Amino acid sequence: PNGIDTAEFASDPDRRRSMRARMGVEKEFVWLAAGRIVPAKDYPNLLRAFQKLRQHRSEARLWIAGDAFGADALAVRALATDLGLDDAVSWLGLRRNLPALLDAADGFVQASAWEGMPLAVGEAMAMEKPVAASSAGGVSELVGDAGVLVPSRNSDALAAAMLEIMQWTPESRRALGNAARQRIVQNFGMDAIADKWEALYGTLTAGT
(Lines give C-alpha, C1' and ligand atoms only; values in the text may rest on other atoms or scores of the structure.)
Protein backbone atom coordinates (compact mmCIF):
# COMPACT_ATOMS: atom_id res chain seq x y z
CA PRO A 1 0.00 0.00 0.00
CA ASN A 2 0.93 3.64 -0.17
CA GLY A 3 2.69 5.03 2.89
CA ILE A 4 1.10 7.57 5.23
CA ASP A 5 2.99 10.70 6.19
CA THR A 6 2.77 10.42 9.96
CA ALA A 7 4.63 13.71 10.41
CA GLU A 8 2.00 15.65 8.47
CA PHE A 9 -0.85 13.67 10.00
CA ALA A 10 -0.10 14.26 13.68
CA SER A 11 -2.46 15.78 16.22
CA ASP A 12 -2.04 19.39 17.35
CA PRO A 13 -4.19 20.59 20.30
CA ASP A 14 -3.81 24.27 19.37
CA ARG A 15 -4.92 23.60 15.80
CA ARG A 16 -7.88 21.61 17.14
CA ARG A 17 -9.07 24.52 19.29
CA SER A 18 -8.61 27.00 16.46
CA MET A 19 -10.38 24.87 13.86
CA ARG A 20 -13.33 24.03 16.10
CA ALA A 21 -13.79 27.73 16.85
CA ARG A 22 -13.63 28.51 13.13
CA MET A 23 -16.20 25.80 12.37
CA GLY A 24 -18.50 27.01 15.13
CA VAL A 25 -18.56 23.89 17.31
CA GLU A 26 -18.08 23.68 21.05
CA LYS A 27 -19.40 20.63 22.90
CA GLU A 28 -20.82 18.85 19.85
CA PHE A 29 -19.34 15.47 18.93
CA VAL A 30 -18.11 15.82 15.36
CA TRP A 31 -17.80 12.86 13.00
CA LEU A 32 -15.72 13.46 9.88
CA ALA A 33 -16.09 11.51 6.64
CA ALA A 34 -13.73 12.20 3.73
CA GLY A 35 -13.82 11.02 0.16
CA ARG A 36 -15.49 11.61 -3.18
CA ILE A 37 -19.26 11.32 -3.20
CA VAL A 38 -19.44 8.26 -5.42
CA PRO A 39 -21.32 4.94 -5.12
CA ALA A 40 -18.28 3.08 -3.72
CA LYS A 41 -18.25 5.30 -0.63
CA ASP A 42 -21.95 4.55 0.04
CA TYR A 43 -22.86 7.89 1.59
CA PRO A 44 -26.56 6.91 1.66
CA ASN A 45 -25.60 4.15 4.11
CA LEU A 46 -23.67 6.68 6.18
CA LEU A 47 -26.55 9.17 6.26
CA ARG A 48 -29.03 6.50 7.31
CA ALA A 49 -26.65 5.38 10.06
CA PHE A 50 -26.19 8.97 11.17
CA GLN A 51 -29.95 9.50 11.33
CA LYS A 52 -30.24 6.45 13.62
CA LEU A 53 -27.36 7.74 15.75
CA ARG A 54 -29.05 11.13 16.16
CA GLN A 55 -32.07 9.46 17.69
CA HIS A 56 -29.82 8.65 20.67
CA ARG A 57 -27.25 11.45 20.54
CA SER A 58 -28.66 14.67 19.19
CA GLU A 59 -25.36 16.49 19.77
CA ALA A 60 -23.70 14.49 17.00
CA ARG A 61 -22.58 16.39 13.91
CA LEU A 62 -21.31 15.04 10.60
CA TRP A 63 -18.81 16.82 8.37
CA ILE A 64 -18.38 15.46 4.86
CA ALA A 65 -15.20 16.52 3.05
CA GLY A 66 -15.40 15.64 -0.61
CA ASP A 67 -16.54 16.96 -3.97
CA ALA A 68 -20.20 17.83 -3.32
CA PHE A 69 -21.25 18.37 -6.94
CA GLY A 70 -22.37 16.07 -9.72
CA ALA A 71 -25.37 13.76 -9.98
CA ASP A 72 -24.28 11.40 -7.20
CA ALA A 73 -23.59 14.24 -4.80
CA LEU A 74 -26.89 15.97 -5.52
CA ALA A 75 -28.78 12.75 -4.86
CA VAL A 76 -26.94 12.21 -1.58
CA ARG A 77 -27.58 15.77 -0.44
CA ALA A 78 -31.27 15.38 -1.29
CA LEU A 79 -31.34 12.23 0.84
CA ALA A 80 -29.87 14.15 3.78
CA THR A 81 -32.71 16.65 3.44
CA ASP A 82 -35.31 13.87 3.24
CA LEU A 83 -33.86 12.34 6.41
CA GLY A 84 -34.13 15.65 8.25
CA LEU A 85 -30.37 16.06 8.66
CA ASP A 86 -29.78 19.48 7.13
CA ASP A 87 -29.06 21.05 10.51
CA ALA A 88 -26.55 18.35 11.49
CA VAL A 89 -24.59 17.65 8.29
CA SER A 90 -22.00 20.05 6.86
CA TRP A 91 -20.92 19.64 3.25
CA LEU A 92 -17.35 20.90 3.19
CA GLY A 93 -16.56 20.24 -0.46
CA LEU A 94 -13.07 19.41 -1.68
CA ARG A 95 -10.64 20.41 1.07
CA ARG A 96 -6.86 20.64 1.22
CA ASN A 97 -6.65 21.00 5.00
CA LEU A 98 -7.60 17.46 6.03
CA PRO A 99 -5.15 17.36 8.99
CA ALA A 100 -6.83 20.43 10.48
CA LEU A 101 -10.30 18.97 9.94
CA LEU A 102 -9.21 15.70 11.53
CA ASP A 103 -7.85 17.62 14.51
CA ALA A 104 -11.18 19.38 14.95
CA ALA A 105 -13.21 16.16 14.64
CA ASP A 106 -13.85 13.73 17.48
CA GLY A 107 -14.15 10.60 15.35
CA PHE A 108 -13.80 9.40 11.77
CA VAL A 109 -16.43 7.36 9.94
CA GLN A 110 -16.29 5.49 6.63
CA ALA A 111 -19.23 3.58 5.17
CA SER A 112 -17.80 2.23 1.90
CA ALA A 113 -19.54 -0.58 0.04
CA TRP A 114 -16.23 -1.54 -1.58
CA GLU A 115 -12.68 -0.28 -1.15
CA GLY A 116 -9.01 -0.72 -1.89
CA MET A 117 -6.77 0.53 0.90
CA PRO A 118 -8.34 3.88 1.88
CA LEU A 119 -5.71 6.44 2.82
CA ALA A 120 -8.26 8.65 4.60
CA VAL A 121 -8.90 5.95 7.20
CA GLY A 122 -5.17 5.52 7.81
CA GLU A 123 -4.67 9.26 8.02
CA ALA A 124 -7.44 9.53 10.62
CA MET A 125 -5.79 6.76 12.61
CA ALA A 126 -2.46 8.57 12.41
CA MET A 127 -4.26 11.60 13.86
CA GLU A 128 -5.36 9.41 16.82
CA LYS A 129 -9.03 9.49 15.93
CA PRO A 130 -11.37 6.62 16.88
CA VAL A 131 -12.59 5.07 13.64
CA ALA A 132 -15.93 3.44 12.86
CA ALA A 133 -15.79 1.85 9.41
CA SER A 134 -17.12 -0.82 7.14
CA SER A 135 -14.80 -3.77 6.68
CA ALA A 136 -14.76 -3.46 2.89
CA GLY A 137 -11.62 -4.26 0.92
CA GLY A 138 -8.37 -3.56 2.73
CA VAL A 139 -9.98 -1.69 5.63
CA SER A 140 -9.74 -4.69 7.97
CA GLU A 141 -6.02 -5.04 7.25
CA LEU A 142 -5.51 -1.33 7.84
CA VAL A 143 -7.55 -0.95 11.03
CA GLY A 144 -6.95 -4.28 12.74
CA ASP A 145 -8.19 -4.04 16.33
CA ALA A 146 -7.51 -0.29 16.51
CA GLY A 147 -11.03 0.71 15.45
CA VAL A 148 -14.62 -0.55 15.28
CA LEU A 149 -15.45 -2.42 12.07
CA VAL A 150 -18.89 -3.41 10.77
CA PRO A 151 -20.23 -5.15 7.65
CA SER A 152 -20.75 -3.05 4.53
CA ARG A 153 -24.21 -1.80 3.60
CA ASN A 154 -25.47 -2.16 7.18
CA SER A 155 -26.62 1.17 8.57
CA ASP A 156 -27.83 -0.37 11.84
CA ALA A 157 -24.39 -1.82 12.56
CA LEU A 158 -22.62 1.40 11.59
CA ALA A 159 -24.93 3.48 13.80
CA ALA A 160 -24.29 1.08 16.69
CA ALA A 161 -20.51 1.40 16.18
CA MET A 162 -20.68 5.19 16.18
CA LEU A 163 -22.89 5.18 19.28
CA GLU A 164 -20.52 2.78 21.02
CA ILE A 165 -17.57 5.11 20.44
CA MET A 166 -19.54 8.13 21.62
CA GLN A 167 -20.48 6.30 24.81
CA TRP A 168 -16.88 5.53 25.70
CA THR A 169 -15.11 7.76 28.18
CA PRO A 170 -12.72 10.35 26.73
CA GLU A 171 -9.87 8.28 28.20
CA SER A 172 -11.03 5.19 26.30
CA ARG A 173 -11.26 7.12 23.05
CA ARG A 174 -7.77 8.51 23.59
CA ALA A 175 -6.43 5.01 24.28
CA LEU A 176 -7.90 3.70 21.04
CA GLY A 177 -6.55 6.74 19.20
CA ASN A 178 -3.07 6.15 20.58
CA ALA A 179 -3.22 2.49 19.54
CA ALA A 180 -4.42 3.52 16.07
CA ARG A 181 -1.49 5.89 15.57
CA GLN A 182 1.01 3.29 16.73
CA ARG A 183 -0.44 0.77 14.29
CA ILE A 184 -0.07 3.21 11.40
CA VAL A 185 3.46 4.28 12.37
CA GLN A 186 4.65 0.69 12.74
CA ASN A 187 2.93 -0.82 9.72
CA PHE A 188 1.83 1.87 7.26
CA GLY A 189 4.07 4.90 7.81
CA MET A 190 6.46 6.01 5.09
CA ASP A 191 9.45 4.26 6.69
CA ALA A 192 7.54 1.02 7.25
CA ILE A 193 6.27 0.92 3.66
CA ALA A 194 9.72 1.81 2.27
CA ASP A 195 11.16 -1.16 4.19
CA LYS A 196 8.49 -3.43 2.66
CA TRP A 197 9.31 -2.18 -0.85
CA GLU A 198 13.01 -2.68 -0.23
CA ALA A 199 12.40 -6.23 0.97
CA LEU A 200 10.26 -6.95 -2.09
CA TYR A 201 12.92 -5.63 -4.48
CA GLY A 202 15.52 -7.70 -2.64
CA THR A 203 13.43 -10.83 -3.12
CA LEU A 204 12.84 -10.12 -6.81
CA THR A 205 16.51 -9.46 -7.56
CA ALA A 206 17.95 -12.27 -5.45
CA GLY A 207 17.81 -14.75 -8.30
CA THR A 208 19.17 -12.48 -11.05
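The values are calculated or read from the model by the stated rules, or taken from the named source; none is laboratory data. In this text, all values refer to a predicted model and were calculated from it rather than measured experimentally. No Cβ is skipped: glycine too gets one built from the backbone with ideal geometry, and neighbour counts run over all protein chains shown. These area figures cover heavy atoms from the full protein model, side chains too; ligands, DNA and RNA do not enter into them. Shrake-Rupley method; radii C 1.70, N 1.55, O 1.52, S 1.80 Å.
In this structure the range 118-208 gives 49 Å² per residue of accessible area when probed at 1.4 Å with all protein chains present.
Solvent exposure of the range 1-112 amounts to 47 Å² per residue of accessible area, where only protein heavy atoms count and the probe is 1.4 Å.
Stretch Ala175-Glu141 to full length: gain in nm at 0.36 nm per residue minus the Cα-Cα span?
Residue separation times 0.36 nm, minus the Cα-Cα distance, leaves 10.3 nm.
Each of the peptides 20-29, 172-181 was scored by the mean count of other Cβ atoms within 10 Å over its residues; in descending order, highest first, they stand as 172-181, 20-29. Surface composition of the chain: carbon and sulfur make up 50 percent of the accessible area, probe 1.4 Å.
Within a Cβ distance under 13 Å of Ser18, other residues only, what is the Lys/Arg minus Asp/Glu net charge? Cβ neighbours under 13 Å give a net charge of +2.
On average over all directions, what projected area in square nanometres does the chain have, based on the convex hull of its Cα atoms?
12.2
Here the mean projected area of the convex hull built on the C-alpha positions of the range 47-163 is 6.9 nm².
Using the Cβ-Cβ distance between Ser18 and Lys196 with R0 set to 25 Å, the FRET efficiency works out to roughly 0.10.
Of the residues Ala124, Ala40, Trp91, the one whose Cα sits farthest toward the positive end of the charge dipole of the chain, with +1 on the Cβ of Lys and Arg and -1 on the Cβ of Asp and Glu, is Trp91. Using the Cβ-Cβ distance between Glu28 and Arg153 with R0 set to 25 Å, the FRET efficiency works out to roughly 0.35. Counting only pairs 8 or more residues apart or on different chains, how many lysine pairs in the chain have their Cα atoms under 22 Å apart? For the chain, qualifying lysine pairs total 5.
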